[in-house]
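The values are calculated or read from the model by the stated rules, or taken from the named source; none is laboratory data. Predicted, not measured: the structure shown is a model, and the values here were computed from it. With ideal geometry, Cβ positions are generated from the backbone for all residues, glycine too; neighbour counts draw on all protein chains shown. Note: accessible area is taken over every heavy atom of the protein model, side chains too, but ligands, DNA and RNA are not part of it. Shrake-Rupley method; radii C 1.70, N 1.55, O 1.52, S 1.80 Å.
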Amino acid sequence: VEDNESLESRFPCDHQVVLLQATRAEAMDLESVVERETGFGSLLESERSAARHFGPAVQALIKAMEVKKCLSRVPCCLAVAKPGPGTALERVKAAVLADVRRAVLPSSILVVGAPASGRTTFANKWSERSADTMHLDVLELLDKELERKTRRGQQMAAMLAEGKSIPASFIVSLVTELLSAVGVRSAIFEGFPRRVEDIPALEAGFSIERVFSLDASGDSLAKCKQRYTEAGGKEDVFDSLAKGMGLITAHFAITGRLTPVPLSADTTTEDVYNTAVQATRPGFFAIIGAPCSGKSAQCAELSKALGFEVVTKSMVLEEALQAGGTVAAAIQSSPNKQNPHAKVLCDALAAYTTSRIASAYILDDFIEDQEGLQVLAQRFGFPKLLVRLEVPEEQLNARAEARATAAEAEFDADAVAAKITERNDKLNAITSNKCLKVAALGGPVDNDQEETQLLARIQSVHKEIAQMLKPRVHLLITALTDPDLCRRIGAQMCNAGRSRGMALVDGQKSLDAFKTKAIELHRAGDDGFTPLPLWETALKDAFKSNPLGEYVLVNFLSDRITSYPTVRDQIDLLQDLALVESFVVVEVEKPAVGALCKISEEAAEASMLVKDAIREHVRIEFQATETRPKSPVIVLPPSEGAPEEYNGSTAATAKSLCFAVAGHFVATIRKG
């Protein structure tokens with residue numbers, strides 16, 4: 001810590017610390033691989049290094065960096081190595097370097113949309129949410145550089161004089177220099193990228209956290225065009241720019257990073273902003289209970305199992321006070337600074353979650369009473385799940401007495417009993433709310449079997465939460481054998497369903513990264529099948545970027561109807577990993593299969609038979625029941641209402657097929 005303070009006094013700056021994180025055992029395992037593959041290192045030196053790293057001085061430094069919010073943790077162990085070519089050490093290095101790069105890159109938020117759709121106003125308002133974020137209008141920035149004739153401006157002027165366009169990599173470098181000069185770690189880009197081809201250059205210099213798409217169509221698009229032309233713009237330029245934004249939107253829709261913000265002709269900027277806030281707000285899992293019921297211990301267990309951060313009142317209040325501003329002033333003026341009014345507490349929670357990018361958090365005894373629940377619901381929506389810890393009063397009293405004894409404090413049994421009764425009355429009011437999904441954990445237990453019974457209930461609640469945290473999947477079923485065509489259909493489905501934030505997962509592409517493992521798992525005697533453990537690994541890797549997301553899955557099902565692993569085994573595996581929202585069966589006539597996939601009539605016939613068998617299986621297995629009023633099987637196109645440009649025949653082109661399937665798909669899921 002002293003070394004760090006000395007460094008900061010000599011070089012005042014906002015710095016970032018990257019911790020290569022591993023347990024002591026993981027570090028020693030990695031060290032043994034280094035020694036075996038390189039011939040360097042010694043056991044004695046490794047022991048000394050480990051003792052120093054896990055000693056009190058370094059651990060104190062890590063805690064100090066956590067308090068300053070400048071610590072990034074990157075796993076560094078053998079487990080991070082992905083299957084592939086190269087030695088184990090080389091693959092560990094590659095994986096760790098990629099994670100370090102993501103940790104140190106500045107972050108970015110993109111605002112895309114047609115000209116005059118309100119991008120500038122929206123970006124300005126969003127940048128006000130964080131003092132560490134700068135709003136950048138890229139075109140305006142380039143104009144200023146040219147006008148001031150800076151070094152970068154002169155380079156651009158030379159390019160333009162030669163008739164060249166300014167490359168995206170040059171713009172990214174310019175913005176990076178600007179952010180570094182002003183000490184800012186995040187940027188909101190407006191008007192960049194302008195083409196899909198610019199995206200790789202942006203991703204090379206920035207971590208893209210969110211992409212807001214101001215979606216204008218019909219009357220709202222006409223109004224944008226009117227505003228643009230009234231300001232002196234040309235109609236053909238507007239059309240060209242709007243088309244380019246549409247391609248960029250489609251690109252991010254497929255990758256699942258798009259947050260659509262629909263516009264209507266009478267939408268105000270405030271409406272757009274509120275819609276975006278609502279779309280990006282995180283989910284919460286709340287744990288409540290009487291004093292000494294073990295809330296913090298349960299939160300820690302859930303965090304370990306699910307990977308979400310635990311948030312307490314003291315954490316958000318401390319960070320709000322450090323940040324200053326109106327929220328800090330409201331906390332300071334509260335009669336009880338440790339437990340201010342619910343609205344002030346939610347303002348502090350909003351500031352805390354805004355400075356982070358996470359899909360969900362675990363709230364540790366955050367909800368005090370019915371009023372606190374309502375304020376939280378108005379700001380963020382009701383918690384996804386509320387877990388109430390129910391522990392008998394005699395056990396609560398015993399725990400409270402044990403705590404008082406340990407702290408060498410006086411134990412007042414009557415005061416503790418009154419506090420428990422008051423808290424339970426408030427908890428009863430909270431859990432009576434019909435909008436909440438409540439799980440009770442605890443309850444009366446036999447003393448002899450207390451630990452076993454409580455453990456069983458804990459596991460039950462954890463399982464219930466894990467069920468809710470599965471991604472949602474729409475599985476494409478078709479006789480089409482061309483993976484690229486299936487990918488195009490899935491991409492268009494994602495683009496059409498971008499209001500739900502759908503992303504595309506290509507089963508075959510997900511397997512590419514695991515080819516080495518596929519060879520290891522290949523079982524002699526079976527002809528080129530993909531083992532289920534490999535599918536499981538590939539799908540988990542595909543879903544991990546957004547564990548609560550919604551996906552369209554293509555190129556997943558094999559043609560194995562009777563031999564293991566069968567299609568049924570694959571579907572069972574998928575249901576273990578995700579909630580299958582729908583089975584999308586795309587009906588195409590046999591001649592069209594041959595024409596679109598460029599395969600023989602016999603191959604088309606065989607593919608049709610496999611598709612029919614799969615369709616029959618899912619129809620029987622997932623037919624409507626009392627508990628499931630509607631079957632999740634969607635057949636496209638429907639028997640009636642198919643558009644003329646697509647009827648599943650040889651007249652269908654690949655493009656008309658993609659658009660028609662996507663249109664029917666979105667129309668069907670909107671009906672529920």
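Computed over the alpha carbons of segment 547-627, Rg followed by Dmax gives 14.5, 44 Å.
Only lysine pairs 8 or more places apart, or on different chains, with alpha-carbon atoms under 18 angstrom apart are counted in segment 209-297, and they number 5. Quick check for you: which residues of segment 86-117 have the amide N under 17 Å from the point 7 Å beyond the Cα of K540 toward its beta carbon? The answer is none. Enclosing the Cα atoms of segment 381-437 in their convex hull gives a volume equal to 100 cubic angstrom per residue. Ligands, DNA and RNA aside, C346 has an accessible area near 10 Å² when probed at 1.4 Å. With a Förster radius of 56 Å applied to the beta-carbon distance between L178 and Q575, the computed FRET efficiency rounds to 0.70. For a straight C-alpha distance cut-off of 25 angstrom, the lysines reachable from K509 (same-chain residues fewer than eight places away being disregarded) are K82, K93, K470, K517, K540, K544, K598, K611, K655. With R₀ set to 56 Å, the beta-carbon distance separating V67 from D219 gives a calculated FRET efficiency near 0.60. Reported value for segment 183-326: 208 Å³ per residue, from the convex hull of its C-alpha atoms. Taking 25 Å as R0, compute the FRET efficiency from the Cβ-Cβ separation of A297 and E408 and round it to 0.05. E(calc), rounded to 0.05, equals 0.65.
Note down the Stokes-Einstein diffusion coefficient of segment 197-258 in µm²/s, whole number, using a Kirkwood radius over alpha carbon pairs, 20 °C, and 1.002 mPa s. Walk me through the intermediate numbers first.
Details: Rh = 13.2 Å.
Translational D for this selection: 162 µm²/s.
When only alpha carbons of segment 1-81 are considered, Rg and Dmax amount to 14.9, 42 Å.
Once the mean 1/r over all distinct Cα pairs of segment 308-377 is inverted, what Kirkwood radius in angstroms do you read off? Let's see the in-between values first.
Working: mean 1/r = 0.0820 Å⁻¹.
Here the Kirkwood hydrodynamic radius works out to 12.2 Å.
Straight-distance candidates among the lysines for linking to K630, with alpha-carbon spacing under 19 Å and chain neighbours fewer than 8 residues away dropped: K671.
Counting only protein chains, not ligands or nucleic acids, how are V104, V92 ordered by accessible area (probe 1.4 Å), most first? Could the numbers behind the result be given before it?
Numbers: V104 60, V92 5 Å².
Sorted descending by solvent-accessible area, the residues read V104, V92.
Summarise the accessible area of segment 261-359 (1.4 Å probe, protein heavy atoms) by the percent that is carbon and sulfur. Don't jump to the answer; show the numbers that get you there.
Values: 2470 of 4560 Å².
Of all accessible area on segment 261-359, carbon and sulfur atoms account for 54 percent.
Wrap a convex hull around the Cα atoms of segment 133-208, take a quarter of its surface area, and give that in square nanometres. Don't skip to the end; give the middle numbers.
On the way: hull surface 19.8 nm².
Projected over every direction and averaged, the Cα hull of segment 133-208 covers 5.0 nm².
Largest first, the residues V391, V182 sort by 1.4 Å accessible area into V182, V391.
T176 exposes around 50 Å² of accessible area when a 1.4 Å probe is run over every protein chain in place. Ordered by solvent-accessible area of protein heavy atoms (1.4 Å probe), largest first, the residues L480, L78 come out as L78, L480.
Summarising the label geometry, the points placed 7 Å from Cα in the beta-carbon direction at K144 and A231 lie 1.7 nm from one another.
For segment 92-147, applying the loop criterion from DSSP together with a ceiling of 16 other beta carbons within 10 Å to the GluC sites (Glu not before Pro) yields E128. Out of all Cα-Cα pairs in segment 264-332, roughly what percent, to the nearest whole number, are more than 18 Å apart? Here the long-distance tail beyond 18 Å is 63 percent of all Cα pairs in segment 264-332. Modelled this way, with points 7 Å down the Cα-to-C-beta line, the labels at Q378 and E616 are 5.9 nm from one another. Using the 1.4 Å probe convention, the accessible area of segment 266-373 works out to 44 Å² per residue with neighbouring protein chains retained.
In loop segments of segment 199-241 as defined by DSSP, there are no GluC sites (Glu not before Pro) with at most 12 further C-beta atoms inside 10 Å of their C-beta.
Evaluated on segment 54-205, the Kirkwood hydrodynamic radius is 18.5 Å, with distances taken between all distinct Cα atoms. Full extension of the chain between A398 and L160 yields a length gain of 77.8 nm, computed as 0.36 nm times the residue separation minus the alpha carbon distance.
Protein heavy-atom surface of segment 31-132, 1.4 angstrom probe: 60% of the accessible area is carbon and sulfur, with nucleic acids and ligands not counted.
Quarter the surface of the alpha carbon convex hull of segment 50-138 and you get the mean projected area, 9.7 square nanometres. Tell me, what does the Kirkwood hydrodynamic radius of segment 256-373 come to in angstroms if you use every pair of distinct C-alpha atoms? Every distinct Cα pair counted, the radius reaches 16.0 Å.
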